[in-house]
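Colleague: Please read through the structure below; I'll follow up with questions.
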Amino acid sequence: MDLNTISSQLETVDEEDVEKLLRQFIGENSHTFTFDPKEESLRIKLCQSVLSVLRRQVKPSCQQTCLETLRILSRDKRVLAPVATREGMLILGGMASLKAGGDGDDNRDISREDTLSEEEERVVVEALKCLCNVVYNSPAAQQVSVDVQLVDGLCATLRTARTWHHEVGLFTLRLLFLVSALRPDVRGVLRRELHAVTLLTEVLEHTLDVSWVGPYESARPDPQALPMPAEDNERTMEALKALFNLTLSDTGGEEDEHHFRLIAAILRHLLMLKTETEEKTEEAHSHAINLLNNLPVSCLDVLIDVPVQGGLEIYGGKNMDAVQMLIDFMEKRMDKQGSNYKEGLTPVLSLLTEGSRHHREIRRYIKAQVLPPLKDVKNRPEIGTTTRNKLVRLMTHVDMGVKQTAAEFLFVLCKESVDNLLKYTGYGNAAGLLVARGLLAGGRGETQYSEDEDSDTEEYKSAKPFINPITGHVEEPMPNPIEEMTEEQKEYEAQKLVNMFDKLSRQNVIRPMGVRPDGTLAPLEETLCDQPEDSGSDSD
C-alpha cells in the first residue's frame, strides 16, 4: 500500500484499522534510514495525518503505533515541519510524560508518580525516542523545545529517577544530552534555575549504587561482585554526557567546590567498576575522564584522598588506584590500532598532565610509571615498546593537538625542566615543544615544583658523555668522510655547500634562523644583531 493511500485513510477509519495501516508501514520501513526524495511530500502528509490521530483520545496501543511511525519518519530531517511546531512538540511532550509548558488539551501528562501499565510505558518510551530524533534533526524543533520549556519537564522527570524503568530513564537522559549539546544557551538555565547538575549527580549515585563511608569517600566495590549490568552502564554514560555539557563553561551558581568534589568522588567510584564487557567498561571510563577534565583541577585530590592499606609512604599515604586506572586507560588507547588519538587519547593525557602539574603525589607516581630512571641509552627514545617510547613517538605525530598534548605531558613529568626533558626524549623530538614555549635556549617553564631531585642511574652517568643530544642515545662512531681529503678538496666542498645554501635562501626555499637570548626563534640576521657586544675585547 502506498503512502498516499495510508495518509488519506488514517483520519476516516477507526483505531483498529489505523493500527493495521501503520503496522504495514512499520513492517516495510523499520530498518529504513534513507528515503526516496520523490516521496518527500507524501511523507510530510503522513506526518500530519499521524499527528491528527494522536490529537484524538485513542487507546495506548494506537498511540504507540502512531509514535513508532513518527519515529521512523523522523529519521528524515526534510519532513519534520509538521512535528517541529508548538502543537507537535506539545503532543510528543505530553505522550512522553514531560510536564512541558503550554496550554490546551494537547499537553497530556502521564504522571510518573503513578504506576504505569506496560502499554503506557511503551507510549512514553516511543514518545521520548521520537523527541530525540526530532530534536537532533530539526533546528526548528530545538527552538520550539526551548519555547515550550521542555527542559523543565526533563528535570522534573529526573527527580523520579529511582522509579524509572530502563528505557524511560535512558531516553530521558539522552534527550537532555541532545538539548544541552545543541542549545548552549539552555545550559545556564539548566544549571542555575533547574539545578540539573545536582539532579544528574543524584541519578549517578543511584545508578552506580554509591554508598558513602566518609566525605567524598565511597565504599569500595567488592572485587567478587558481579559486573555492573549493561543497562545501568548505558544510563550512566548518558548522564555523564549530559553533565559534560553542563560543566563545559564556568558554572557559577549552585555548583560550588563541594559539589564538584562530590562528582569527582563518584567518578573515582566509576573508574574502579567493571561492566559485562571490556569495551563497555572502556567507554564508560572514557566519559568519566571527559567529565573530570571539566572539573576544577583542585578537586582532583579527591581521586587520591582515600585511605590505603599499607601506607604508600613514598607518595604521602595517598591511594593511587584511580591514577593507575587512568594510566592503564592511556596505555590501552595508545595501543589501539587505527584509533583516533585526538578524541580517544588526548583527554586522558590532558587530565594526567593537569593532575601532575598541580598535585605533587600524582606527578611522582606517574613519573615512576612512565619515566623510570634511564638505564638503556643505546636505542633512540622513540624506539621500543615502553610507555616512554610510545609517548615520545607521539611527540612527532602528524596531528598537532596530539603532538602538543603528549609533549606537554612529558614536560610536566620532568617538572618543566628542558634538561630533564631532553634526557628522556632527545632534542629532535622535543624541538616542537621548545619552539612553542620559547625554551630553545634551555631553562624551565613557569610552574613551580618541589625541590626534590631525580637521581640518575650509574648506567646513565657512565654513558652520558657519549649520548648524542639530538637523537637522545649513544651512537656508533661514524667514519669521517673528509679524513682522506686534501685541503683543496675540503675547501671546494665547503664552498659548494655554501653556494647551495645561498641559492636556497635567495629562492626562499629555506630561511636561516637563530635563537634569541629569550629562547625564541627569529631570522638569523635579527639574532646576530641581538648578540651583546664584548666590551672587554681588545682591538687588533
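Colleague: Could you calculate the FRET efficiency of Thr457 with His358 from 1/(1 + (r/R0)^6), where r is the beta carbon distance between them and R0 is 51 Å, rounded to 0.05?
Modeller: Values: r = 29 Å, r/R0 = 0.56.
E between Thr457 and His358, to the nearest 0.05, is 0.95.
Colleague: Taking a 18 Å limit on the Cα-Cα distance, which of the listed pairs Lys390/Lys464; Lys45/Lys77; Lys318/Lys415; Lys332/Lys423; Lys342/Lys423 fall beyond it? The partial results should precede the final answer.
Modeller: Numbers: Lys390/Lys464 23 Å; Lys45/Lys77 14 Å; Lys318/Lys415 20 Å; Lys332/Lys423 26 Å; Lys342/Lys423 26 Å.
Distance filter (> 18 Å) returns Lys390/Lys464; Lys318/Lys415; Lys332/Lys423; Lys342/Lys423.
Colleague: Oh, and also: I'd like to compare 123-131, 60-68, 440-448: which one has the highest average count of other Cβ atoms within 10 Å, and what's the full order after that? Before the final figure, lay out the partial values.
Modeller: Working: 123-131: 25.7, 60-68: 22.1, 440-448: 13.7.
For the peptides 123-131, 60-68, 440-448, the packing ranking is 123-131, 60-68, 440-448.
Colleague: With all distinct Cα pairs included, what does the Kirkwood hydrodynamic radius of the stretch 281-375 come out to in Å, to one decimal, could you say? Present the calculation step by step, with values, prior to reporting the outcome.
Modeller: On the way: mean 1/r = 0.0714 Å⁻¹.
So the Kirkwood estimate lands at 14.0 Å.
Colleague: Beyond 15 Å, what share of the Cα-Cα pairs of the stretch 131-199 remains, rounded to the nearest whole percent?
Modeller: 49 percent
Colleague: Would you please put 242-248, 89-95 in order of how densely packed they are, using the mean number of other Cβ atoms within 10 angstrom per residue and starting with the highest? Intermediate results must be reported in sequence, preceding the final value.
Modeller: Numbers: 242-248: 22.3, 89-95: 26.0.
The most tightly packed comes first, giving 89-95, 242-248.
Colleague: Stokes-Einstein diffusion coefficient for the stretch 170-216 at 10 °C in a medium of 1.306 mPa s, Rh from the Kirkwood formula over Cα pairs: what value in µm²/s? Before the final figure, lay out the partial values.
Modeller: Values: Rh = 12.0 Å.
My calculation gives 132 µm²/s for D.
Colleague: Once you sort the root eigenvalues of the Cα gyration tensor of the stretch 163-300 as a ≥ b ≥ c, which label holds: rounded (a/c under 1.5), prolate (a/b larger than b/c) or oblate (the other case)?
Modeller: Oblate is the answer for the stretch 163-300, as a/c is 1.5 or above yet b/c matches or exceeds a/b.
Colleague: How large is the direction-averaged shadow of the alpha-carbon convex hull of the stretch 1-46, in nm²? Present the calculation step by step, with values, prior to reporting the outcome.
Modeller: On the way: hull surface 12.8 nm².
If you wrap the Cα atoms of the stretch 1-46 in a convex hull and average its projections, you get 3.2 nm².
Colleague: Quote the Stokes-Einstein diffusion coefficient, in whole µm² s⁻¹, for the stretch 354-435, based on the Kirkwood radius over alpha carbon pairs, a temperature of 25 °C and a viscosity of 0.890 mPa s. Numbers along the way, then the final one.
Modeller: Values: Rh = 12.7 Å.
Taking Rh from Cα pairs, D becomes 193 µm²/s.
Colleague: At a 1.4 Å probe, what is the % contribution of carbon and sulfur to the accessible area of the stretch 261-420? The partial results should precede the final answer.
Modeller: On the way: 3230 of 6640 Å².
Answer for the stretch 261-420: carbon and sulfur cover 49 percent of the accessible area.
Colleague: Right, next: Can you give the accessible area per residue of the chain, in Å², using a 1.4 Å probe?
Modeller: Accessible area per residue: 51 Å².
Colleague: Using the Cα gyration tensor of the stretch 388-540, with a ≥ b ≥ c the square roots of its eigenvalues, what is the shape: rounded (a/c below 1.5), prolate (a/b larger than b/c) or oblate (neither)? Don't skip to the answer; put the middle values down first.
Modeller: Numbers: a/c = 1.64, a/b = 1.43, b/c = 1.14.
Note, shape of the stretch 388-540 comes out prolate.
Colleague: With charges only on Cβ, +1 for K and R and -1 for D and E, what is the dipole size of the chain about its Cα centre, in debye, rounded to 20?
Modeller: Details: 61 positive and 90 negative charges, 157 e Å.
Computed charge dipole of the chain: roughly 760 debye.
Colleague: Moving on to the next point. Please sort 143-153, 477-487 by packing, taking for each peptide the average over its residues of neighbouring beta carbons within 10 angstrom, highest first. It would help to have the intermediate numbers written out before the result.
Modeller: Details: 143-153: 20.4, 477-487: 7.9.
Most protected by this proxy first, the peptides run 143-153, 477-487.
Colleague: Kirkwood hydrodynamic radius, the stretch 18-100, all distinct C-alpha pairs: what's the number in Å?
Modeller: Working: mean 1/r = 0.0765 Å⁻¹.
For the stretch 18-100, inverting the mean 1/r across all distinct Cα pairs yields 13.1 Å.
Colleague: If you don't mind, there's one more thing I want to ask. Quote the relative contact order of the chain in percent (integer), defining contacts as alpha-carbon pairs under 8 Å separated by 6+ residues. Please report the intermediate quantities before stating the final value.
Modeller: On the way: 679 pairs, mean separation 39.9, N = 540.
Reported relative contact order: 7 percent.
Colleague: Moving on. Output wanted: per-residue J couplings in Hz (rounded whole) for the stretch 464-472, from phi through Karplus 6.51 cos²θ - 1.76 cosθ + 1.60, θ = phi - 60°, x for Gly and Pro.
Modeller: Whole-Hz 3J(HN,Hα) from phi for the stretch 464-472: 3, x, 9, 7, 6, x, 6, 8, x.
Colleague: Grab the DSSP H runs of the chain that are 4 residues or longer, score each as -39,500 (n - 2.57), total them, divide by all residues and round the 222 nm result to the nearest 500 deg cm²/dmol.
Modeller: Numbers: 24 runs with 296 residues, N = 540.
Taking each H run of at least 4 residues, the total per residue is -17000 deg cm²/dmol.
Colleague: Let me ask you something else. Accessible area of Lys280, 1.4 Å probe, to the nearest 10 Å²?
Modeller: Rounded to the nearest 10, the figure is 80 Å².
Colleague: May I ask for the net charge around Ala81, where only other residues with Cβ less than 14 Å from the Cβ of Ala81 are counted and Lys, Arg are +1 while Asp, Glu are -1? It would help to have the intermediate numbers written out before the result.
Modeller: On the way: positive: Arg43, Lys45, Lys77, Arg78, Arg86; negative: Glu40, Asp76, Glu87.
Here the charged neighbours net out to +2.
Colleague: If you stretched the chain out fully between Thr32 and Thr447, how much longer would it get, using 0.36 nm times the residue separation minus the C-alpha to C-alpha distance? Don't skip to the end; give the middle numbers.
Modeller: Values: separation 415, 0.36 × 415 = 149.40 nm, distance 5.59 nm.
Gain on extension, Thr32 to Thr447, equals 143.8 nm.
Colleague: Can you give the local net charge around Ala463? Use residues other than it whose beta-carbon is closer than 12 angstrom to its beta-carbon, Lys and Arg +1, Asp and Glu -1. Each step should come with its number before you reach the end.
Modeller: Values: positive: Lys375, Lys378, Lys423, Lys461, Lys464; negative: Asp376, Asp456, Glu458, Glu459, Glu475.
Net of charged neighbours comes to 0.
Colleague: Follow-up. What three numbers, in Å, describe the spread of the alpha carbons of the stretch 210-275 along their principal axes, ordered from the longest?
Modeller: So the three principal-axis extents are 41, 27, 13 Å.
Colleague: Now a separate question. Return the long-range amide H neighbours of Met513 (sequence gap of 5 or more, or a different chain), with a cut-off of under 5 Å between placed amide H atoms.
Modeller: Leu524
Colleague: Provide the gained length on full extension for the span Lys342 to Glu119, in nm with one decimal, where the gain is 0.36 nm per separating residue minus the Cα-Cα distance. Walk me through the numbers before you get to the answer.
Modeller: Numbers: separation 223, 0.36 × 223 = 80.28 nm, distance 4.44 nm.
Length difference between fully extended and current span is 75.8 nm.
Colleague: Which three extents, in angstrom, do the Cα atoms of the chain have along their principal axes, listed largest first?
Modeller: On the principal axes, the chain reaches 110, 63, 41 Å in Cα extent.
Colleague: Enumerate the calculated ³J(HN,Hα) couplings along the stretch 193-206 in order (Karplus 6.51 cos²θ - 1.76 cosθ + 1.60, θ = phi - 60°), each rounded to whole Hz, writing x wherever the residue is Gly or Pro.
Modeller: 3J(HN,Hα) across the stretch 193-206, in whole Hz: 8, 9, 6, 5, 5, 5, 5, 5, 4, 5, 4, 5, 4, 5.
The values are calculated or read from the model by the stated rules, or taken from the named source; none is laboratory data. Given the structure is predicted, the values throughout are model-derived calculations rather than measurements. Glycine also receives a Cβ, built like all others from the backbone with ideal geometry; neighbour counts cover every protein chain displayed. Side chains are part of the model used for accessible areas, which takes the heavy atoms of the whole protein and leaves out ligands, DNA and RNA. Shrake-Rupley method; radii C 1.70, N 1.55, O 1.52, S 1.80 Å.
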